[in-house]
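Worksheet: the structure to be examined is printed underneath.
The values are calculated or read from the model by the stated rules, or taken from the named source; none is laboratory data. Since this is a predicted model, take the numbers as computed values, not measurements. Note that each Cβ is placed from the backbone with ideal geometry, even for glycine, and that neighbours are counted across all protein chains shown.
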């Protein structure tokens with residue numbers, strides 16, 4: 001039975017992804033900072049889908065614990081999906097380094113730390129899949145969220161380079177760009193329905209992309225063209241826009 005590791009398993013998106021893989025017969029490993037928050041989800045998955053489901057403590061920003069965390073996982077996952085992230089408050093992050101640091105380390109540094117460890121393991125065994133949930137915010141810096149966007153831009157570039165590095169080792173790397181999503185992280189934001197994906201939709205898209213060995217997916221296709229247009233706007237004009 002193949003095993004999938006979900007890093008940042010308490011989010012709505014992660015729950016949907018875990019349930020999709022469980023429905024397809026995957027053993028599930030749920031990892032998050034507060035493992036106690038996953039107990040009900042663990043029971044639900046194990047009973048509903050009749051697959052093994054385990055819970056593991058994992059903190060994205062405690063880099064010194066990542067090697068031991070992965071070493072203790074048994075069995076080692078065949079698929080790793082990095083879901084954790086932190087939107088934060090851009091205006092606060094401009095004046096509060098603790099907030100800026102949390103945004104950067106959660107969305108970029110922590111992901112690089114754990115995925116370096118896992119990708120090295122996959123490279124040695126010549127198999128494995130890594131999927132990273134990045135963001136359209138990383139496609140071009142905007143005044144409303146450029147600290148979060150810059151971290152996600154780095155993560156997107158990291159996944160691209162990792163894909164290039166590992167293809168010869170039979171390791172597949174998927175970049176997921178959901179666009180807007182209805183989750184607790186975006187709760188309270190006014191999101192346009194045509195551009196906003198449901199968690200279950202994202203779970204379905206991630207599963208399908210991994211089966212097809214797709215390199216990059218835009219969960220809602222319109223985002224590919226929206227961001228292309230945004231990237232083509234000349235800087236002299238773009239810098240005066242309120243985005």
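Brief remarks on what is shown
- Residues being in contact (Cβ under 8 Å) with a residue 24 or more places away in the chain and assigned to a helix (DSSP H, G or I) - total across region 81-122: 23
- Yes/no for residue 88 being crowded, with 20+ Cβ neighbours inside 10 Å and at positive phi: yes
- Where residue 67 falls short, out of the listed (1) exposed (fewer than 14 other Cβ atoms within 10 Å of the Cβ); (2) without any contact (Cβ under 8 Å) to a residue 24 or more places away in the chain; (3) assigned to a helix (DSSP H, G or I): (2)
- Any chance residue 176 is crowded, with 20+ Cβ neighbours inside 10 Å and modelled with pLDDT of 95 or more: yes
- Looking across region 179-227 at every residue that is more than 25 Å from residue 123 (Cβ to Cβ) and in a strand (DSSP E or B), the one that is modelled with the highest pLDDT is identified as 218.
- Extreme residue, surrounded by the fewest Cβ atoms within 10 Å (Cβ to Cβ), among residues of region 70-80 that are in contact (Cβ under 8 Å) with a residue 12 or more places away in the chain and assigned to a loop (DSSP other than H, G, I, E, B): 75
- Residue check for residue 157: without any contact (Cβ under 8 Å) to a residue 24 or more places away in the chain, part of a helix (DSSP H, G or I) and buried (at least 19 other Cβ atoms within 10 Å of the Cβ): no
- Within region 207-230, the set of residues being closer than 16 Å to residue 136 by Cα and either surrounded by 14 or more Cβ atoms within 10 Å (Cβ to Cβ) or in contact with a helix residue (DSSP H, G or I) (Cβ under 9 Å, 6 or more places away or on another chain) (or both) comprises 215, 216, 217, 218, 219, 220, 222, 223, 224, 226, 227, 230.
- Those residues of region 17-51 which are in contact (Cβ under 8 Å) with a residue 12 or more places away in the chain, in a loop (DSSP other than H, G, I, E, B) and either out of contact with any strand residue (DSSP E or B) (no Cβ under 9 Å at 6 or more places or on another chain) or crowded, with 16+ Cβ neighbours inside 10 Å (or both), in sequence order: 24, 25, 26, 51
- Criterion violated by residue 10 - all others in (1) surrounded by fewer than 16 Cβ atoms within 10 Å (Cβ to Cβ); (2) in contact (Cβ under 8 Å) with a residue 24 or more places away in the chain; (3) under 20 Å from residue 183 (Cα atoms) satisfied: (1)
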